[in-house]
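A single structure is presented below for examination.
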Amino acid sequence: MKQSIIGIAAATAAAWVGAQSIRFDSEPTGAAPAGWTCGVTGHGSPRWTVEPGQAGGRVLLQSGNGTFPWCVRSGTAVADGFVEARFQPISGRQDQAGGVVWRWKDGDNYYVARANALENNVSLYYTEHGSRKTLKYVDAPVARGQPHTLRVEFAGDQIAVWLDGTRYIDMRDAHIAGPGAVGVWTKADSVTAFSEFSYGRAAR
């Protein structure tokens, strides 16, 4: 397999600056975790709370309903780097999605990659002025009720997306540039648990 468009960050942790890995085990249950801002693109009533995980520990759970619920790490500003989430799609009649956002300017402008257990695919979008635009869909196995790892590396107009260690998307797009926040995302009535979240900036 060829290297990613970003060289897989030289395949070393040293390629990332200020990399952080966040878990929710120390957060009180029943509320959004400290240091996160949650909301929705479009309409609805998303519900982001820390809850006991099915396999132990605590998770960030989205159990409400909205067009595109999101929850971003406050104070982050990453232009080039990576974002990664460990998530479990639990249920949903309309959708069973888990995603990550980056270069998040506000609730109406950001990039998002997501994996969907109902459709068995990985997709890449940009959201501009509150409207989500599709960049690419790729078929991929996404089992409901099982943990998955979704990772995106981005630099300039280059974007690469992995699911469970396999790279499914490798392309260029320049719709949203410059630094922005990073976080997690779901769709519609997806009940999705996020157990771990990581991000970092690309070393220069």
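The numbers here are math on the coordinates, done by the rules we state, and not lab data. Every value quoted in this text rests on a predicted model; they were computed, and no experiment measured them. Ideal geometry is used to build each Cβ from the backbone, glycine not excepted, and the neighbour counts take in all protein chains shown.
Quick one: Karplus J couplings for segment 175-180, per residue in order, coefficients 6.51, -1.76, 1.60, θ = phi - 60°, nearest Hz, x for Gly and Pro?
Rounded to whole hertz, the list is 5, 10, 10, x, x, x.
Could I ask something else about it? Tell me the relative contact order for the chain as a rounded percent, counting alpha carbon contacts under 8 Å between residues six or more apart.
On the way: 596 pairs, mean separation 62.2, N = 204.
After rounding, I find 30 percent.
Could I ask something else about it? Where in segment 28-131 are there trypsin sites (Lys or Arg not before Pro) that are in a DSSP coil and have at most 16 other Cβ atoms within 10 angstrom of their Cβ? Working shown, then result.
Details: sites: R47, R58, R73, R86, R93, R103, K105, R114; in loops: R47, R93.
Loop-located and lightly packed - R47, R93.
A follow-up question, please. Find how many whole Å separate the alpha carbon centroid of segment 96-152 from the alpha carbon centroid of segment 12-76.
Computed from Cα coordinates, the inter-centre distance equals 15 Å.
Using the Karplus equation 6.51 cos²θ - 1.76 cosθ + 1.60 (θ = phi - 60°), what ³J(HN,Hα) coupling, rounded to whole Hz, does each residue of segment 58-74 give in order, writing x for Gly and Pro?
10, 10, 8, 10, 9, 10, x, 9, x, 4, 9, x, 9, 8, 10, 6, 5
Run the dipole for the chain about the Cα centre, Lys and Arg Cβ at +1, Asp and Glu Cβ at -1, nothing else charged, and hand back the magnitude in debye, nearest 20. Write down the numbers at each step before the final one.
On the way: 20 positive and 18 negative charges, 24 e Å.
About 120 debye.
³J(HN,Hα) across segment 46-56 via Karplus (A = 6.51, B = -1.76, C = 1.60, θ = phi - 60°), whole Hz, x for Gly/Pro?
x, 9, 9, 9, 7, 9, x, x, 5, 9, x
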